[in-house]
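**Q** First the structure, then my questions, so here it is.
The values are calculated or read from the model by the stated rules, or taken from the named source; none is laboratory data. Predicted, not measured: the structure shown is a model, and the values here were computed from it. Backbone-built Cβ (ideal geometry, glycine too); neighbour counts: all protein chains shown.
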Amino acid sequence: MKTSTYSAFSLLSFIILFFFIAACSSDDDGSPLPAPMLEINSSLTANEEGTLETTAGDSISLNITIEAPAGFRSVSASASLNNQPADLPFPSQLDANSDEVNVDEDSINVEVVLNFDIEASFEGDLVLTFIALDDIDQSTTATITIRVNAAPEGVVSFTNIVLGGQRSTQAASLNAINGSTLGIETAIDNSELVDIVYFWSEENGNSLASPDSRTLQAAFPEVEELLIKNATRLQRTVVTQEAFNGIATAEQLRSIASSLQFQSDNREVGDLAVGDVISFLFDFNIADDDFGLIKIEEINDTDGSGTITISLLIPASIAE
């Protein structure tokens with residue numbers, strides 16, 4: 001009787017164990033595959049605070065790796081700047097057919113390479129959010145935050161500006177805001193636009209002057225008729241032609257000019273030579289007014305009837 005009871009018990013235990021193993025096996029086979037794994041790396045180096053940092057207008061690269069055991073379907077992206085929606089500098093939806101995406105044969109391991117420029121107007125915290133989606137609608141989200149510093153103010157360059165002497169038919173007056181030239185009659189009617197005037201004299205040779213220069217008015221009497229005589233101030237610099245050509249920011253330009261300490265009597269610069277770089281203050285009567293630079297490119301004048309050719313640099317913020 002004991003043997004029969006023991007056998008029945010063993011049989012029952014075997015049956016329970018069999019179904020338990022079968023149930024576990026069934027659970028393993030039917031369990032969903034894990035959601036995608038998503039990792040973002042950038043070409044940027046973190047600052048001392050551990051923040052990724054760049055400057056507006058700079059080029060950067062993002063390398064996104066995705067592991068999708070259930071198969072890769074797509075990755076989507078969105079952007080915000082200072083908690084406000086922002087435009088993306090790359091496609092918002094990418095899949096296996098996108099040029100930026102590389103997928104292995106099993107559609108599991110994915111690499112997304114994004115090369116783009118930060119919008120020039122951006123400043124603040126740029127947050128890029130990426131969502132990886134697999135073939136069974138599972139998703140994973142990852143973000144990267146980039147501190148975007150404002151781009152430095154640039155400069156505007158005007159080249160091949162030709163100014164004629166007081167005896168030339170070529171315009172002698174310069175509007176330094178837009179690089180345009182004005183003949184004397186136009187200058188008299190629009191005197192507020194005249195910043196600098198070219199002239200020649202036996203005493204000073206080829207010269208650039210402020211409209212309120214007495215030396216200019218003695219050599220070029222018509223200038224006295226300008227109702228408004230802007231108080232432009234000019235000084236020769238030691239800046240080389242190569243250095244002038246390399247100026248890319250308003251800060252560089254202002255640094256050169258501000259070190260010269262313009263005075264009230266800096267009304268003209270004479271004895272000009274090719275390669276000279278002249279700094280000028282737009283209006284001596286306005287506190288902290290802005291500066292510009294002029295490079296002498298060519299001189300074809302020995303008596304006031306010829307011309308000179310100049311290049312002009314001014315801060316982008318004041319250019320018209």
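**Q** Quick one: which of 163, 128, 133 is in a strand (DSSP E or B) and closer than 30 Å to residue 306 by Cα?
**A** Numbers: 128 fails: closer than 30 Å to residue 306 by Cα; 133 fails: closer than 30 Å to residue 306 by Cα.
None of the other options fit; the residue is 163.
**Q** Can you tell which of 161, 118 is farther than 30 Å from residue 34 by Cα and in the same structural domain as residue 290 (by TED's automatic domain parsing)?
**A** After ruling out the rest, the residue left standing is 161.
**Q** In region 276-296, is there at least one residue being in the same structural domain as residue 203 (by TED's automatic domain parsing), aromatic (Phe, Trp, Tyr), out of contact with any helix residue (DSSP H, G or I) (no Cβ under 6 Å at 6 or more places or on another chain) and farther than 24 Å from residue 205 by Cα?
**A** yes
**Q** Just the residues that are of a type in the set (D, E, K, R) and in contact with a Phe, Trp or Tyr (Cβ under 9 Å, 6 or more places away or on another chain), please, taken from region 162-209.
**A** Correct list: 167, 195.
**Q** Still on this model: Spot the failing condition for residue 241; the list is (1) surrounded by fewer than 17 Cβ atoms within 10 Å (Cβ to Cβ); (2) touching a residue at least 12 places away in the same chain (Cβ under 8 Å); (3) in contact with a helix residue (DSSP H, G or I) (Cβ under 9 Å, 6 or more places away or on another chain), and only one is missed.
**A** In the conditions (1) surrounded by fewer than 17 Cβ atoms within 10 Å (Cβ to Cβ); (2) touching a residue at least 12 places away in the same chain (Cβ under 8 Å); (3) in contact with a helix residue (DSSP H, G or I) (Cβ under 9 Å, 6 or more places away or on another chain), residue 241 misses (3) alone.
**Q** Right, next: Out of region 142-196, which residues are surrounded by fewer than 16 Cβ atoms within 10 Å (Cβ to Cβ) and of a type in the set (A, V, I, L, M)?
**A** Selection gives 150 alone.
**Q** Between 234, 216, 272, 226, which is under 28 Å from residue 152 (Cβ atoms), in the same structural domain as residue 181 (by TED's automatic domain parsing) and surrounded by 15 or more Cβ atoms within 10 Å (Cβ to Cβ)? Write out each step before concluding.
**A** On the way: 216 fails: under 28 Å from residue 152 (Cβ atoms); 272 fails: under 28 Å from residue 152 (Cβ atoms); 226 fails: under 28 Å from residue 152 (Cβ atoms).
The unique qualifying residue is 234.
**Q** Another question about this same structure. For region 218-232, does any single residue satisfy the condition of being touching a residue at least 40 places away in the same chain (Cβ under 8 Å) and within 19 Å of residue 311 (Cα to Cα)?
**A** Yes, region 218-232 has at least one match.
**Q** Does at least one position in region 294-301 carry a residue that is farther than 16 Å from residue 172 by Cβ and crowded, with 20+ Cβ neighbours inside 10 Å?
**A** Among the residues of region 294-301, at least one is farther than 16 Å from residue 172 by Cβ and crowded, with 20+ Cβ neighbours inside 10 Å, which makes the answer yes.
**Q** Here is a further query. Considering only strands (runs of 3 or more DSSP E) fully contained in region 1-95, which possess at least 2 residues that are at pLDDT 95 or above and under 18 Å from residue 111 (Cβ atoms)?
**A** Strands (runs of 3 or more DSSP E) meeting the threshold: 37-42, 59-67, 72-81, 93-95.
**Q** Same structure, new question: Filter region 76-120 down to the residues that are in contact (Cβ under 8 Å) with a residue 60 or more places away in the chain and farther than 15 Å from residue 143 by Cα, then identify the one that is surrounded by the fewest Cβ atoms within 10 Å (Cβ to Cβ).
**A** It comes out as 117.
**Q** For region 263-317, how many residues meet the condition of being more than 16 Å from residue 238 (Cα to Cα), of a type in the set (D, E, K, R) and touching a residue at least 12 places away in the same chain (Cβ under 8 Å)?
**A** Adding up the residues that qualify gives 7.
**Q** Within region 182-206, can you find the residues that are assigned to a helix (DSSP H, G or I) and farther than 18 Å from residue 301 by Cβ?
**A** 185, 186, 187, 188, 189, 191, 192, 193
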